[in-house]
Amino acid sequence: LPAARAAGVPVIYTRNVQKKTIRFDMVSAKAGWDHSRTIEGDPGTEIVPAVAPTPEDMVVDKAYASAFWGTPLETYLIQLRADSVIVMGVSTSGCVRATAVDAVTRGFNTAVVWDGVADRIQLSHKATLLDLWMKYADLVSGAEAGEYLARIGERRRSNG
């Protein structure tokens, strides 16, 4: 996050937020967990303070696994003239995978930060990372992502 901000690269967060009801949340219903934590206004919908957005960052609310499905994310990325997406977050086998696959299918160069994602089950986590790497996205470490972002920042500063 600090590397992206220092480079002037937009940071976009997503939150799983249901508006007033979970009645139509069929994707999460299958998981069998307490959906009340995803209702707008519940503390469970807030981004944890350790990685909280700054006023310059964007937060996109979503109701499904992919950050692209039913959100204006693609429009924002086009307006930003983005050609690449770096994905971090949870869960690797759910939201991260869905977002990475959707980014690739929309023509964005896509990288998943392997040490910046997590899942409830290690087998799902590791199998999904392998599958993403083999079929869809580059896997990079947080350090590699930071170095890439630093190079972007240097290019931007040298080009004025």
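Observations on the structure shown:
- Rolling a 1.4 angstrom probe over the protein heavy atoms with all chains in place gives the chain an accessible area of 62 Å² per residue.
- The portion of the accessible surface of region 66-114 made up by carbon and sulfur, rounded to a whole percent, is 56 (1.4 Å probe; DNA, RNA and ligands excluded).
- Built amide H within the under 5 Å cut-off of Val59, gap 5+: Tyr13
- In order through region 94-101: 3J(HN,Hα) via Karplus (6.51 cos²θ - 1.76 cosθ + 1.60), integer Hz, x for Gly, Pro: x, 5, 5, 4, 4, 5, 5, 5
- Ile78-Asp115 FRET efficiency (beta carbon distance; Förster radius 25 Å; 0.05 resolution): 0.30
- Angle in degrees between helix 142-158 and the longest Cα principal axis of the chain, rounded to the nearest 10: 50
- With every protein chain in place, region 118-160: carbon and sulfur % of accessible area (1.4 Å): 55
- Site-free segments of the chain were taken between trypsin sites (Lys or Arg not before Pro) in DSSP loops having at most 13 other Cβ atoms within 10 Å, sites themselves excluded; the longest one is 24-80.
- Each of Leu129, Leu123 has its accessible area taken with a 1.4 Å probe; listed largest first, they run Leu123, Leu129.
- Percentage relative contact order, the chain, counting C-alpha pairs under 8 Å, at least six apart: 22
- Under-5 Å amide H pairs with Gly89, H placed in peptide plane, nonlocal only: Val117, Ala118
The values are calculated or read from the model by the stated rules, or taken from the named source; none is laboratory data. No experiment lies behind these values; they were computed from the predicted model shown. All Cβ positions, even for glycine, are placed from backbone atoms using ideal geometry, and neighbour counts span all protein chains on display. Protein only, heavy atoms only, side chains kept; ligands, DNA and RNA dropped before computing areas. Shrake-Rupley method; radii C 1.70, N 1.55, O 1.52, S 1.80 Å.
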